[in-house]
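Notes follow the structure.
Values quoted throughout were computed directly from the atomic coordinates according to the rules given, and no laboratory measurement underlies them. Bear in mind the structure is a predicted one, so any value in this text is a computation, not a measurement. Here Cβ is always computed from backbone atoms with ideal geometry, including for glycine, and neighbour counts include all displayed protein chains.
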Amino acid sequence: MLLFLLLLPLCWAVEVKRPRGVSLTNHHFYDESKPFTCLDGSATIPFDQVNDDYCDCKDGSDEPGTAACPNGSFHCTNTGYKALYISSRWVNDGVCDCCDGTDEYNSGIVCENTCKEKGRKERETLQQMAEVTREGFRLKKILIEDWKKAREEKQEKLAELQAGKKSLEDQVEMLRVVKEEAEKPEKEAKDQHQKQWEEQQAASKAQRERELAASAFQELDDDLDGAVSVTELQTHPELDTDGDGALSEGEAQALLGGDMQTDASAFYDRVWAAIRDKYRSEVLPTSPPPAPPEPDLTEPKEEQPPVPSPPVEEEEEDEDEEETEEEEEEEEEEEDSQVQGEQPQEAPPPLVPPQPAASPTEEDKMPPYDEQTQALIDAAQEARSKFEEAERSLRDMEESIR
């Protein structure tokens, strides 16, 4: 019992003596037995000048409980709630800033202590937040369990897909080999067909060139002696080589390979390639007859009676007559000038290149493949289709695995 009585005073709260407005964490700076040193170290003053309503320190630390220093701070203990620092300027200003009312100790205002009520409300809020946290933790555990279950299911499905992927990869490789084996004879047959067609094209082109050269030779051979001479070649100034607009004898002889004339065989071998792009035939190409006009199938429209024109004023009629007379005079002057001038000469027929004997349009089209080649193409195409389908299935499976 004696021990209980001795320990009983220790159960009560101990109040630490400190100046008004000083927090517990800073009370050791305010020792009554020593001079006070400003917290910024700017000055040292006797302790009795602390809270004397006169600002001695630059940082205002000597007046924590008065409004003397505008840059000072007052500590609200707010027992039962949260401690708070306010500006020293708010001390004794007639407004209760601290919930315990300690900032208005000498203003004549009675402040109600609302710290306990605020603390109670804050504890209720914290309790609600704790309940929400507990509920969130419970839901989190459920979600984790669901995630683990879904993860296991996905791992099982992934194992199945990977096994199927291995089977598809083997199938794709097998079909790739089949496709390549089918494409080899297909390529050989198509290359052979292409080669034969190109040889035919080259032969046809050479034949057309010979026909063009023969036509040009016959046209140039004016005297029909079976040879084209320098003089006959000079009748075509478009073959000029130095750009002066005329084919000189030396230029013509150079085109003939240094000879004065050439026969048909030498003309094709040596001359035709040099003049082909410049040579223009004097024979006009035959144009197809004009197409007959298409019959008018539209229904004839009924003739509408003429609409009477509105009356015109006399002044406008006079102006129209004067304009008509001026136009007639101009037309007469133009007719007189045409009669007195020189008669226009007929333009010479245009020089056109000799036309080929046959149009190569149809010959330019490659003929269809023969039955044997087409069968090889069909077999290779079927192998390609199967390979592409298997490859597409493999890509889809790889996408699902990702």
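Results, tabulated for the structure shown:
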| item | result |
| --- | --- |
| Full-stretch length increase - residue 151, residue 246 - with 0.36 nm per residue and alpha-carbon distance subtracted | 25.0 nm |
| Distance cut-off 27 Å, percentage of C-alpha pairs in the stretch 143-271 lying past it | 60 percent |
| Sorted by Cβ density within 10 Å, fewest first, the residues 197, 147, 90 | 147, 197, 90 |
| Least to most buried among 222, 103 (fewest other Cβ within 10 Å first) | 222, 103 |
| Stretch gain in nm, segment residue 139-residue 264, where the contour uses 0.36 nm per residue and the Cα spacing is subtracted | 34.7 nm |
| Gain in span if fully extended, residue 48 to residue 274, counting 0.36 nm per residue against the direct Cα distance | 68.9 nm |
| Interchain or long-range residues, amide H under 5 Å from residue 73's placed H | 88 |
| Residues 38, 99, sorted so that the one with the fewest Cβ neighbours within 10 Å comes first | 38, 99 |
